Amino acid sequence: MPSWSPDFSIATPPSRHIRIDRVERDASPLNEILYEARVLDAYTIGVQAYVYGWPAVENWRVRSRLLDPEARQHAPLNAFLHEPDPADHRYELFVTPNADLLYSEAFFDLRDEPLVLHVPDTGGMRYWAAQILDSFTDTVANVSHRSVGSGPGDYVLTGPGWTGALPPGTTEVRVPTGTGFVLLRTVFEDAAALDATREVQREFTLTPLSHHRSSTPFRPEAVDADDPRRAVPATQDELSTSLTFFTVLNHALREGGIRPGEEGLMHLFARIGVGPACEAFDVDALDSATREGLARAVADGWRLVQARSATARTRLRNGWIPPQPDAQTGSYGHDYLQRAGVAHRGIYANTEAEYAALPALLDSAGRPLDGAHRYTVRFAAGRLPRVDAYWSITLYTLPARMLLDHPSGRTTVNSLDTLVHNEDGSLDIHIQPEEPDDPALRPNWLPSGPGPFQLILRAYRPTDPDLCHGEWNPPAIDRH
């Protein structure tokens, strides 16, 4: 028995309390209340952590695929994978990829030192953009034809707290997290320009600052298969519907850190063992009440993300879903549910300064789009999207949201094609499985296949504010 003696100090004695951060079922009178309280506490915090962290976890899943040397698309950390061909039905990294440009992807880690993004002279290239994203998929900056022109330059990506000196002639791009992603898009005018575009694309490079202008070549290190950055479930559904989600989120927060102003959230998340200051999240070490609450949080959090993905844009116009002015894309502030919904629908979406996107799931009569029918998208004369670069319409299969595998190899129609206009100046895009009877209309043909599909109309460097703010009137999608 502990000894006792009178306490004559003026200090407050240490508090003694009943622990409710670990609750197992037992027969004590208070257990039922404490158990349910802990379940609800873990559930409430878990739902918030799930919505907040979903883009970071999905970003980790994408990165784990790119880091796998056995994968079809592979690049080590801090180095570009320059895709030599436009995306097709075999593209695996993320959903709704574009099909009329070349992608270059690079995941970066700035914790040891900054990286230098070298931009070559892009000459007369119509559109290119190096979108720089933090670990939560917020767009930090766009180094692009719009923002820096067509000349060469070096842009230094610096992580949180870096205070070194920049090399002369370089421009700093501050990234609020220790890790992130660069998605480079380079557009080729037509098949004949593809080789020239590839040459320019390959001249975009990433180099650690210590190797900048050095004669010593940089050799990025491989990431071992058992490294947490690669030990991630392969599919979105598998990762998002089990407590493994919190294991990966904890790794992501410990690695990349958080953005300024989110410290309070981390104190909250720490109550379920998640956050940059927490040790590895261990499902087996959880008490029963916490495990039960987090399992419910994952189920409901997944439903929230999917629902936001489907309804983030609630207005319909001619079957299209125009942007909402109060629902940002590409940069989200603290609207974590919007960020998660967009990441689910199309991760790495860019800001309106670079492009506007209008998805369509229904025809003009409100019926789901399906390859069993033929459709015509008619732009009235003078009503094409107003852009500085180009616009496109791309078809994606559902529910996979991937490009169609069609014998023609066509998956998109864009304004860089030699499109055939009608006599009155209008433009018809023909969506059907077979080629149009008139061979001259082939440039206007968007092939479809069996089953449901969606369309996405993209306008690169839009010059019409109505395109970005949901006031532009999109063309009707008429079923025949």
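The values are calculated or read from the model by the stated rules, or taken from the named source; none is laboratory data. Please read these numbers as outputs of a predicted model, since none were measured by experiment. Cβ sites come from the backbone with ideal geometry, for glycine too, and all protein chains shown count toward neighbours. Keep in mind that these areas ignore ligands, DNA and RNA; they rest on the heavy atoms of the full protein, side chains included. Shrake-Rupley method; radii C 1.70, N 1.55, O 1.52, S 1.80 Å.
Obtain the radius of gyration and the Kirkwood radius of the range 302-419 from its C-alpha atoms and give Rg over Rh. Spell out each step's value before the answer.
Values: Rg = 15.4 Å, Rh = 16.1 Å.
With Rh from the inverse mean 1/r over Cα pairs, Rg/Rh is 0.96.
With each pseudo-label sitting 7 Å past Cα toward Cβ, what's the residue 111-residue 235 distance in nm, one decimal?
3.1
Using a Förster distance of 45 Å, how high is the FRET efficiency between residue 291 and residue 211, based on the Cβ-Cβ distance and rounded to 0.05? Walk me through the intermediate numbers first.
On the way: r = 47 Å, r/R0 = 1.03.
Computed FRET efficiency for residue 291 and residue 211 comes out at 0.45.
Between the range 409-450 and the range 27-73, how many Å separate their Cα centres?
With the range 409-450 and the range 27-73 each reduced to a Cα centre, they are spaced 45 Å.
Under a crude label model (7 Å from the Cα following the beta-carbon direction), how far is residue 386 from residue 268 in nanometres?
My value for the distance between the label points is 4.3 nm.
Starting from the Cα gyration tensor of the chain, multiply each eigenvalue by 5, take the square root, and state the resulting semi-axes largest first in whole Å.
Over the Cα atoms of the chain, the ellipsoid semi-axes are 45, 29, 19 Å.
With +1 assigned to the C-beta of every Lys and Arg and -1 to the C-beta of every Asp and Glu, and no other charges, what is the dipole magnitude of the range 111-225 about the Cα centre in debye, to the nearest 20?
Working: 9 positive and 14 negative charges, 31 e Å.
Around 160 debye, computed over the range 111-225.
Please list 427, 362 from largest to smallest accessible area, probe radius 1.4 Å, with all protein chains kept in place. All intermediate terms of the calculation are to be shown ahead of the outcome.
Details: 427 0, 362 40 Å².
Ranked list, largest accessible area first: 362, 427.
Rounded to the nearest 10 degrees, what's the angle between the helix 244-256 long axis and the longest principal axis of the chain, both from Cα atoms, 0 to 90?
90
Restricting to Cα pairs below 8 Å that are 6+ residues apart, what does the relative contact order work out to for the chain? Please round to a whole percent. List each step's numbers first, then the result.
Values: 965 pairs, mean separation 84.6, N = 480.
The value is 18 percent.
Could you work out Rg/(2.2 N^0.38 Å) for the range 209-359, with Rg from alpha carbons only? The partial results should precede the final answer.
Working: Rg = 19.1 Å, N = 151, 2.2 N^0.38 = 14.8 Å.
Taking N as the residue count of the range 209-359, the ratio is 1.29.
On C-alpha positions alone, give me the angle between the axis of helix 288-311 and the longest principal axis of the chain, in degrees, nearest 10.
Tilt relative to the chain: about 20 degrees.
From Cα pairs below 8 angstrom and at least 6 apart in sequence, can you work out the relative contact order of the range 319-408, rounded to a whole percent?
Values: 56 pairs, mean separation 22.8, N = 90.
Answer for the range 319-408 is 25 percent.
Using a 1.4 angstrom probe on the protein heavy atoms only, could you order 12, 179, 44, 329 from most to least accessible area? List each step's numbers first, then the result.
Values: 12 125, 179 5, 44 75, 329 35 Å².
Most to least solvent-accessible, the answer reads 12, 44, 329, 179.
Place a +1 charge on the Cβ of each Lys and Arg in the range 303-414 and a -1 charge on the Cβ of each Asp and Glu, then give the dipole magnitude about the Cα centre in debye, rounded to the nearest 20.
Numbers: 14 positive and 8 negative charges, 66 e Å.
Roughly 320 debye, rounded to the nearest 20.
How would you rank 392-402, 288-298, highest first, on the average number of other Cβ atoms within 10 Å across their residues? Walk me through the numbers on the way to the answer.
Values: 392-402: 18.9, 288-298: 21.1.
Order by mean packing, descending: 288-298, 392-402.
Over the range 160-245, average the accessible area per residue using a 1.4 Å probe and give it in Å², no decimals. Could the numbers behind the result be given before it?
On the way: 4610 Å² over 86 residues.
Heavy-atom accessible area per residue stands at 54 Å².
How would the range 343-402 be classified by its alpha-carbon gyration tensor: rounded, prolate or oblate, with rounded meaning a/c under 1.5 and the a/b versus b/c comparison settling the rest?
Working: a/c = 2.43, a/b = 1.13, b/c = 2.15.
Since a/c reaches 1.5 but b/c is at least a/b, the shape of the range 343-402 is classed as oblate.
Using protein chains only and a probe of 1.4 angstrom, how many square angstrom of residue 302 are accessible, to the nearest 10?
Solvent-accessible area, nearest 10 Å²: 30 Å².
Suppose a student asked you for the relative contact order of the range 310-466, using Cα pairs under 8 Å spaced at least 6 residues apart; what percent would you report? Spell out each step's value before the answer.
Numbers: 296 pairs, mean separation 46.7, N = 157.
That works out to 30 percent.
In the range 431-480, what is the volume of the convex hull around the alpha carbon atoms, normalised per residue and reported in Å³?
Values: hull volume 6.1 nm³, N = 50.
Per-residue hull volume (Cα only) is 122 Å³.
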